[in-house]
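Right, one structure below, let's go through it.
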Amino acid sequence: MNEAYKLFNLEGKVVVITGGAGILGSAIGRGLAKFGARIAVCDIKNFDVVASEMQKAGFEAKGYYMDVLNIDVIKKAYDEILKDFGKVDVLLNAAGGNMPQATTSAELSFFDLPLDALQKVVALNLFGGAILPSQVFGKFMVQRPEGGSIINISSMAAFRPLTRTIGYSAAKAAVSNFTQWLAVHLAMEYNKNLRVNAIAPGFFLTQQNRYLLLDEQGNLTPRGKAIIDHTPMGRFGDPDDLIGVCVWLCSEASKFVTGAVIPIDGGFNAYSGV
């Protein structure tokens, strides 16, 4: 292998992906596998399906049931992964999402948003989507002299409060803050080789946000059009657009990078509108 390429080589690294059967998580998993990573696909459903597809493509992968809001279930998955793979080099927290009941609309005003819906969205994205898995897997990772990498998924909503998505925006802002906090905490208290970073995707079409961006005929909603108009590159993101930066954050190429939240947004965050 060319010496330059070795910097990004993931050969033999074990990558645990929560939300690994989702649109973004599965795309990242397949991308990392192409660089030699061994993938533990963790989710509440379809984890075996995604892992099987990776196996058929010639990659090493296995699926695990994981409810990221149940720490006992996370610990059980951790035990199984450690038994099967022997180690964990990377934890990629891709579990998360939004729900209409925590989003303002013509039918549901801010004053009528139900508390339980807001709590569910915050819990899923912050506690399940970052904190709880980091507690379980991070406890193992700090013990390794070579450390490793924890990657969270933040959002454009953490940089710029977006209209309507109150619960999701609050949760993702907290994910960015937690990412920086954990990066400092782990490096100063436990292991200077265990890095913690986040990626902040711009606007990608997923099951959770499709109803906001496209109408029933598949045309852009006013919100979807406003997003495209404010994105200098003029399109929504493709899940594969996330692979490159994740390879970088998993590999030795980013060994001095920790506490960073990296936008992957087609220029959305940089554009003032003028």
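Nothing in this text is a laboratory measurement; each read-out follows from the coordinates by a stated rule. Just so it is clear, the model here is predicted, and its values are computed rather than measured. Cβ atoms come from the backbone with ideal geometry, glycine included; neighbour counts cover every protein chain shown.
Summary table
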| read-out | value |
| --- | --- |
| Modelled label reach - residue 240, point 7 Å along Cα→Cβ, segment 9-33 residues with backbone N closer than 11 Å | 31 |
| Cleavage-rule hits (trypsin sites (Lys or Arg not before Pro)) in segment 1-58: DSSP loop, at most 12 neighbouring Cβ within 10 angstrom | 45 |
| Extension reserve of the residue 7-residue 207 stretch, reckoned as 0.36 nm per residue once the Cα distance is removed | 68.5 nm |
| Virtual paramagnetic centre 7 Å along Cα→Cβ of residue 87, amide N under 19 Å, in segment 1-27 | 6-17 |
| Cα gyration tensor category, rounded, prolate or oblate, for the chain with a/c compared to 1.5 | prolate |
| Centroid-to-centroid separation of segment 35-82 and segment 138-202 [C-alpha atoms, Å] | 21 Å |
| Taking segment 1-50 and dividing mean pair separation by its residue count, relative contact order in percent (alpha carbons under 8 Å, at least six apart) | 42 percent |
| Angle in degrees between helix 47-56 and the longest Cα principal axis of the chain, rounded to the nearest 10 | 60 degrees |
| The chain: angle of helix 71-85 to the longest principal axis, Cα-based, in degrees nearest 10 | 40 degrees |
| For segment 228-245, 3J(HN,Hα) per residue [Karplus equation, 6.51 cos²θ - 1.76 cosθ + 1.60, θ = phi - 60°, Hz, x = Gly/Pro] | 4, 5, 9, 9, x, 7, x, 7, 6, x, 9, x, 5, 5, 8, 5, x, 5 |
| Segment residue 214-residue 233, length gained on full extension (0.36 nm per residue, minus Cα span) | 5.0 nm |
| Length gained when the stretch residue 192-residue 142 is fully extended (0.36 nm per residue, less Cα-Cα span) | 17.1 nm |
| Shape call, segment 46-112: gyration tensor on alpha carbons, a/c limit 1.5 | prolate |
| Approximate spin-label separation residue 184-residue 23, in nm, with each point projected 7 Å along Cα-to-Cβ | 3.5 nm |
| Least to most buried among 248, 181 (fewest other Cβ within 10 Å first) | 181, 248 |
| Long-range amide H partners of residue 61 with built H, under 5 Å | 39 |
| Cross-link reach list, lysines versus residue 34, counting only Cα pairs under 16 Å and skipping chain neighbours closer than eight places | 6, 13, 56, 62 |
| Cross-link partners of residue 225 among lysines (Cα-Cα below 25 Å; sequence separation of 8 or more within a chain) | 172 |
| Selected from 47, 93, 119, residue furthest toward positive end of dipole (the chain; charges at beta carbon) | 93 |
| Selection from 219, 232, 142, by position along the positive dipole direction of the chain (Cβ) | 142 |
| Principal axis box of segment 123-274, alpha-carbon based, largest edge first, Å | 52, 31, 27 |
| 5 angstrom amide H check on residue 200, placed H, neighbours 5+ away | 154, 262, 264 |
| Dipole moment magnitude, nearest 20 debye, the chain about Cα centre, only Lys, Arg, Asp, Glu C-beta charged | 420 debye |
